[in-house]
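Structure first, then comments.
The values are calculated or read from the model by the stated rules, or taken from the named source; none is laboratory data. All values derive from a computational prediction rather than experimental measurement. In this analysis, Cβ positions are derived from the backbone assuming ideal geometry, glycine residues included, and neighbour counts consider all displayed protein chains. Ligands, DNA and RNA are excluded from the accessible area calculation, which covers all protein heavy atoms including side chains. Shrake-Rupley method; radii C 1.70, N 1.55, O 1.52, S 1.80 Å.
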Amino acid sequence: MAEPVDAVVVGAGVVGLAAARALAMAGRDVIVLEQHDLIGSETSSRHSEVIHAGIYYPPGSLKAEVCVRGKHLLYDFVESHGVPYKKLGKLIVATSEDQIPALQQIKERAEKNGVHDLEFLSHNEVTAREPELRCVTALWSPSTGVIDSHAYMLALQGDLEEHGGMIAFMAPLEGGKVTEDGIELHVGGLHGLTMKAKTVVVAGGLHSQTIMRHIEGFPAASIPPQYFCKGNYYQLTGCSAPFKSLIYPAPEAAGLGVHLTLDLGGQARFGPDVEWIDEIDYDVDPRRSDSFYAAVRKYWPGLPDDSLTPAYAGIRPKIQAPGEAAADYMIQGPGDHGVAGLVNLYGIESPGLTSSLAIAEKVMEKLA
């Protein structure tokens with residue numbers, strides 16, 4: 001017999017935790033199923049830890065909406081919960097005259113998205129801020145920051161548990177079935193059991209499509225394609241980066257270019273690059289750093305030789321193929337696929353952390 005439960009969230013990454021917290025705070029009895037033995041062990045812990053402003057995404061897109069909304073919610077959350085963060089700001093640099101129109105387009109797009117605090121800085125103004133930075137001009141984004149992402153996820157977990165929710169670790173969802181009175185879920189691992197839930201939210205990240213293909217009775221035509229895009233990061237060793245702000249080049253296909261980010265301790269990291277892969281693989285090839293030197297020296301000529309060492313890699317859960325236009329976030333509810341009580345999320349890549357609290361709001365709207 002299936003154990004009756006109220007609400008189940010699949011995946012204890014940052015988006016799953018935010019959705020579970022929202023459900024619990026709305027009075028639902030929530031169980032989070034997590035296949036690993038800790039929270040946020042995949043995409044949610046393998047990124048730049050940047051709080052994004054909401055400037056890159058197409059106006060009117062879901063990605064733009066939840067990033068801008070999520071940024072404000074996140075800054076309020078970290079203040080109220082004591083989560084470490086710094087609003088360092090970001091410089092988006094044009095290293096040649098022909099990149100200036102791209103920066104102008106970014107500023108126009110940002111304003112359409114409701115981000116009105118970007119300003120152009122002249123070469124001299126940039127040099128006054130960051131003497132080692134080479135560019136002809138730059139866009140300054142004062143609302144960009146960095147966050148301790150693990151502390152943030154722990155705070156989400158704390159709110160969830162304070163409102164009666166729980167996380168079952170080492171509990172992979174192995175399959176399920178849509179029934180007339182709920183969604184049957186077959187849980188493997190240490191918890192091996194079958195439960196029937198009134199509400200299910202699938203926030204499986206890299207595994208969302210696989211999970212949904214194993215839910216009997218779910219319309220397969222509603223499941224988007226799945227692609228993995230790896231981003232490799234390298235850390236600066238042997239010296240300190242002479243920058244106070246985050247440094248981003250003009251955007252490139254499938255990503256935002258090899259940017260320089262700083263963690264809360266001031267350690268510099270470079271990345272991510274774009275590497276399309278067929279299987280999940282987090283190994284970082286030291287040889288890929290060769291291309292980083294040329295990319296970074298366009299804006300920081302003083303990058304020393306042999307100073308970049310492998311740090312880590314993350315994988316973007318893409319729903320568009322290499323060479324295709326970037327896809328929007330996909331949040332499907334009963335009105336989209338016809339299954340009562342079910343919300344599933346696909347393609348939640350950057351800025352997923354920034355957007356997480358706003359995405360949770362969207363999940364609640366879909367369920368309403």
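Being open to solvent by less than 50 Å² (accessible area, probe 1.4 Å) and in contact (Cβ under 8 Å) with a residue 24 or more places away in the chain is true for just one of 276, 300. Which residue is that?
Details: 276 fails: open to solvent by less than 50 Å² (accessible area, probe 1.4 Å).
Just one listed residue meets the conditions, 300.
Could you list, in sequence order, the residues of segment 49-71 that are in a loop (DSSP other than H, G, I, E, B) and under 18 Å from residue 347 (Cβ atoms)? Outline the logic, then answer.
The first filter runs over segment 49-71 and keeps only residues in a loop (DSSP other than H, G, I, E, B), leaving 49, 52-61.
The answer is 52, 54, 56, 57, 58, 60, 61.
Take the residues in segment 112-132 that are within 15 Å of residue 144 (Cα to Cα) and among the acidic types (Asp, Glu), then tell me which one is least open to solvent (accessible area, probe 1.4 Å).
Checking each candidate, the answer is 117.
Determine the pairs where a residue that is under 14 Å from residue 331 (Cα atoms), located within segment 211-226, has a partner that is surrounded by fewer than 21 Cβ atoms within 10 Å (Cβ to Cβ) and acidic (Asp, Glu) with Cβ atoms under 8 Å apart, the partner being 6 or more residues away or on another chain.
Within 8 Å, the pairs are 222/336.
Among the residues of segment 138-175, which ones are of a type outside the set (Gly, Ala, Ser) and either part of a strand (DSSP E or B) or at pLDDT below 95 (or both)?
Step one: filter segment 138-175 for residues of a type outside the set (Gly, Ala, Ser), giving 139-140, 142, 144, 146-148, 150, 152-154, 156-157, 159-163, 166-167, 169-170, 172-174.
139, 140, 146, 147, 166, 167, 173, 174, listed by residue number.
From the list 335, 323, 265, exactly one residue is open to solvent by 10 Å² or more (accessible area, probe 1.4 Å), farther than 30 Å from residue 131 by Cβ and assigned to a loop (DSSP other than H, G, I, E, B). Which is it?
Numbers: 335 fails: assigned to a loop (DSSP other than H, G, I, E, B); 265 fails: farther than 30 Å from residue 131 by Cβ.
The unique qualifying residue is 323.
Go over the candidates 178, 201 one by one and state the one that is in a strand (DSSP E or B), open to solvent by less than 30 Å² (accessible area, probe 1.4 Å) and touching a residue at least 12 places away in the same chain (Cβ under 8 Å). Don't jump to the end; show me each part of the working.
Working: 178 fails: open to solvent by less than 30 Å² (accessible area, probe 1.4 Å).
Sole residue among the options that is in a strand (DSSP E or B), open to solvent by less than 30 Å² (accessible area, probe 1.4 Å) and touching a residue at least 12 places away in the same chain (Cβ under 8 Å): 201.
What number goes with the only condition from (1) open to solvent by 70 Å² or more (accessible area, probe 1.4 Å); (2) in contact with a Pro (Cβ under 8 Å, 6 or more places away or on another chain) that residue 244 does not pass?
That leaves (2) as the condition not met.
For the subset of segment 338-368 comprising residues that are buried (at least 17 other Cβ atoms within 10 Å of the Cβ) and closer than 16 Å to residue 223 by Cα, which member is nearest to the chain's Cα centre (by Cα)?
Step by step, filter segment 338-368, then rank; the result is 348.
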